[in-house]
1. Could you give the size of the charge dipole of region 173-335 about its Cα centre, using +1 on the Cβ of each K and R and -1 on the Cβ of each D and E, expressed in debye and rounded to the nearest 20?
2. Taking the Cα atoms of region 379-465, what is the range of coordinates along each of the three principal axes, in descending order and whole Å?
3. How long are the three semi-axes of the equivalent ellipsoid for region 173-335, computed from the Cα gyration tensor as the root of 5 times each eigenvalue, in whole Å, largest first?
4. Sum up the charges of everything whose Cβ sits under 12 Å from the Cβ of GLN405, counting Lys and Arg as +1 and Asp and Glu as -1, but leave GLN405 out.
5. So what's the back-of-envelope 222 nm ellipticity for the chain, counting only DSSP H runs of four-plus at -39500 (n - 2.57) apiece and dividing by all residues, rounded to 500?
6. Stretched out fully, how many nm does the piece from VAL359 to ASP386 gain, at 0.36 nm a residue minus the Cα gap?
7. Which order results if MET419, MET396 are arranged by neighbouring Cβ count within 10 Å, fewest first?
8. Under 18 Å from a point placed 7 Å out from the Cα of GLU229 along the Cα-to-Cβ direction: which residues of region 35-65 have their backbone N that close?
Amino acid sequence: MSLRYWSCIAALSVVAKGFTGEAQVTLAPPPEVRSQNHIASLTLHAALNISGRDAFAYEGKSIAPLIRVSPGDTLKIDYVNDLPIHPKETCAISPCMDMTNLHFHGLEISPLTPQDDVIDMMAVPGETLHYLVQIPADHPPGLFWYHTHPHGESHRQALDGMSGAIVIEGMDRYLPEVRTLREQVFVVRGESIEHGLDANALLHRVEAQAPSCGNEPGEINRILTVNDEVRPTININPGERQFWRIVNASADRYMDLQIDGQKFEVVALDGMPLAYHEPKHPTKIVEHVLVPPAGRLEAIVTGPGASIHSAFRTRCVNTGPDGDPNPAMVLADVRPGSSAPLVKQVVNRDVRPAQYKQVDLRAYEVSRPDFVVSFTEDKNGFYINDQKYAPESAPMTRVRVGTYQHWRILNKTRELHPMHIHQVHFLAYAENGVPMKYPVWLDTVNVPTSGSVDVVMDFSNPVIKGMSVFHCHLLNHEDKGMMAKILFE
C-alpha cells in the first residue's frame, strides 16, 4: 500500500449507474456555530438518539454543528453527558461506563485543562465538562474536527457518529480564489450495517464492490455516509469551481477519494495549507487522494459536464491481510444544481498578510531517529513499543518544546495503521526508507503493513506544553492499547 498522496493514475472508466426507487436527497450543510466578538459558544450534549445510539445533541436535535472560528478566537463549549448510567451498547474494554469527553483533532492548542485534555477531562453520566479553547493568533487556517476520546469507549462513540467539523477561517490568505467559491463541508462517517435488516439494500444503494485490491476476503460491515446521508446528491454546475472540505470521521475506515472524470486541486491536507510551508506551490492536482481515518482533504473541484453522470466515490483500499475490507463504493452523486450560498459570510475576517513557515529540515531527515514507534498486536491487544496504554501510564517519551525530532514509525503487523499525534503536525518524507517524491505535512499518517514511515515532528510551538498522547487512529486499536503518552516540556 503506497503512501504517495500525489500518485496520479488513470481515472476509473466506471461511471456511477445511479439507483432507482430511492429518493434523491440533496446534501444539506449542518447547522453552524460562528464566532461572535471573537468567541464561539455552544452547549453540546452526549445523549441517545432516536435509534438508541450514542450521539451529539445540539439545540434539541441529534446533530453535530459545524464550528467556525478565526485565529485568535476562543471556543467555549459546555459538554453535558446525558448518556444513561447503564450503557446499552458494548465497548472495547469492559465494563462500559458511558464516559465521554472531547478532542479537538489537529488543533495546535494546549493539552491542559480546560483545553485539549483527553487524559484527565472525563465526564460520567450526569456531569458537565467546560471547555475553553484558545485558538492561537498565528494558527494556520484549515479544516479540523472534534470527536469524543474516552479510552476504551472511543471506537463505539465514533462509530455512532459523535463527531463534527471545525473550520479555522483564513484559507483565502493562502489562496485568494477560495474567497469567491461556493464552499461545501463534508463529514464522512462509517455506519455499521453488521446487524441491519437492510444491509444488502444499503450495499446495493452505494454500489459497494467486493474487495478486489488485495484484501483478504471478509464481510463488508460498513458503509460510508456524507453528513449522515446515504448517497446524497452534491450540486455543482458544469464548469463551476467549488471549495470542498472533507473529513474522514469514520472510526476505522480508509478512503481513496475520486470524482469520476475530474481531478482534485488540493489546497490543504490535515488542516495544513500546502502554501504554509511551500508558498510557491499552493496547490497540487491529483486524480485521487488516500485519506486515512481522521485525515482531511481540502480541494477545489470543477463541475462535470451537464450530460455526464458523475459520482464522488472511494476506491478500494488494500488494508493488508489482517485488515478489514475497505471496498469501493459511491459516496454521493454529483449533479448540476445550486442550493448553497455562493460566498459564506466570515465574521472577523483575517485581513493580515499570509504567514509562512519555511524551514530546512534536511539535517533531521538524514539523522538517526530520535525516537522509534513500533506498532505490534496479538490476540490480547495492540501495543506501542511492547506497551499497552493505561490511564495511569507514565509518558513513553519526553520532548523539549521549541525543537524538531526525527521519528520512525514501524508497523510490524499485517494491517495498515494510521498514526496520529495530538497538538502537532509533522513532515512525512520517507516510506519504507525511500524518500517520497512529494513530502507532505500531516497530523495523521498511514503506516504500510510490515513497513515504516519517517517523519520530522514539529515541537516548536510553545502553547503545546503539557501531557499529550499519540496513537493509532483505528479507534478499536487505540481502545485496546495502541496509544502512549508524550510529555511536552
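1. Computed about the Cα centre, the dipole is about 700 debye.
2. Here the Cα extents, ordered largest to smallest, are 41, 40, 15 Å.
3. They are 28, 18, 13 Å, listed largest first.
4. Its environment carries a net charge of 0.
5. -1000 deg cm²/dmol
6. Taking 0.36 nm per residue and subtracting the Cα distance, the gain is 6.3 nm.
7. By the 10 Å Cβ count, ascending, the order reads MET396, MET419.
8. Output list for this probe position: 62-65.
Each value in this text was obtained by applying a stated rule to the coordinates, not by laboratory testing. Since the model is a prediction, treat every value here as computed from it, not as a measurement. All Cβ positions, glycine included, derive from the backbone under ideal geometry; neighbour counts span all protein chains shown.
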